Amino acid sequence: MLEDIFYKLPLWTYLVLVAGCVGLPFLRRMSKVERLVIAILWINVFMDLLGNYMNNTANKNIVVYNAITPIEIVLTLGIYQMVSHGSRLKKALKWLMIMFLTLVLYDYLTADGWHDFHEMSYTVGCLGLVVVSYFFLRFTILGKGEVKTLVFWFAVANIFFYALAVSIFAAEPIVQQLERDTGQLIMNLKNTAYSIWTLLIIFGILWKLKKNIFSF
């Protein structure tokens, strides 16, 4: 079984695993919100390992991503809700989470359960994270908020990755008509973005804790 899990494991999965391991020793020094960021890293580790296992055992691994990705998106929106100021903004994020989960249920009922890619909910979820991440960064920078936090770099990573993910997903009909090498190149671009997302979070962890790690 372990061979099926780790056989041909992609580089980006190792990066997420490293990021999760980097954060573990410092959990006691982190806030509740920052611990949720580390939890999201480990959710990605679990999702990638399980997806790789199912792929290596001739199973349809889209089931894994359909089931776990909504959890990641809701947790991310929950992080923004926890750090946001103002009851209206918190209520808006709450309704966004409810709308997203409703779309997940709609996709589940109208598609072949978990076996078909949930297009609508994934697209809305990604767009929602891009918009929310943008406004979080805008308010943090213009409001002269603290940029040395893990959540700030988490938002930077999110706006980079999800904006590219939505763009690639929107171009999927065109990609399917292209030569296989071209389509694979585009998918490699998304995987590279995923790797950069992970590296930005690692940077955020080290940036926050640099006083405890580095001498400068």
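Residue-level analysis places residue 39 among those that are surrounded by fewer than 18 Cβ atoms within 10 Å (Cβ to Cβ), hydrophobic (A, V, I, L, M, F, W, C), more than 20 Å from residue 127 (Cα to Cα) and under 20 Å from the mean Cα position of the chain (by Cα). For segment 31-60, how many residues meet the condition of being farther than 21 Å from residue 73 by Cα and touching a residue at least 40 places away in the same chain (Cβ under 8 Å)? Within segment 31-60, residues that are farther than 21 Å from residue 73 by Cα and touching a residue at least 40 places away in the same chain (Cβ under 8 Å) number 4. Hey, among the residues in segment 70-109 that are in contact with a Ser or Thr (Cβ under 9 Å, 6 or more places away or on another chain) and among the hydroxyl-bearing types (Ser, Thr, Tyr), which one's nearest to residue 138 (Cα to Cα)? It comes out as 80. Taking segment 58-77 as the range and being more than 10 Å from the chain's Cα centre (by Cα) and hydroxyl-bearing (Ser, Thr, Tyr) as the test, only 65 passes.
Being more than 15 Å from the chain's Cα centre (by Cα) and closer than 24 Å to residue 38 by Cβ holds for only one residue in 135, 117, and it is 135.
For the structure I just gave you, tell me whether residue 103 is under 28 Å from residue 60 (Cα atoms), surrounded by 13 or more Cβ atoms within 10 Å (Cβ to Cβ) and either touching a Cys at 6+ places or on another chain (Cβ under 8 Å) or modelled with pLDDT of 90 or more (or both). Judged against the criteria, residue 103 is a match. The helices (runs of 4 or more DSSP H) found wholly in segment 145-209 and carrying at least 1 residues that are at pLDDT below 90 and in contact with a Leu (Cβ under 8 Å, 6 or more places away or on another chain) occupy 150-170, 180-208.
The set of residues from segment 55-71 being surrounded by fewer than 18 Cβ atoms within 10 Å (Cβ to Cβ) and assigned to a helix (DSSP H, G or I) comprises 55, 56, 62, 63, 67, 68, 71. The set of residues from segment 78-107 being without any contact (Cβ under 8 Å) to a residue 12 or more places away in the chain and either among the β-branched types (Val, Ile, Thr) or under 14 Å from residue 67 (Cβ atoms) (or both) comprises 98, 102, 105.
Is it the case that some residue within segment 74-81 is out of contact with any strand residue (DSSP E or B) (no Cβ under 7 Å at 6 or more places or on another chain), modelled with pLDDT under 85, closer than 20 Å to residue 37 by Cα and part of a helix (DSSP H, G or I)? No, because not a single residue in segment 74-81 is out of contact with any strand residue (DSSP E or B) (no Cβ under 7 Å at 6 or more places or on another chain), modelled with pLDDT under 85, closer than 20 Å to residue 37 by Cα and part of a helix (DSSP H, G or I).
The values are calculated or read from the model by the stated rules, or taken from the named source; none is laboratory data. Quick caveat: nothing in here was measured; it's all calculated off a predicted structure. Glycine gets a Cβ as well: all are built from the backbone with ideal geometry, and neighbour counts include every protein chain shown.
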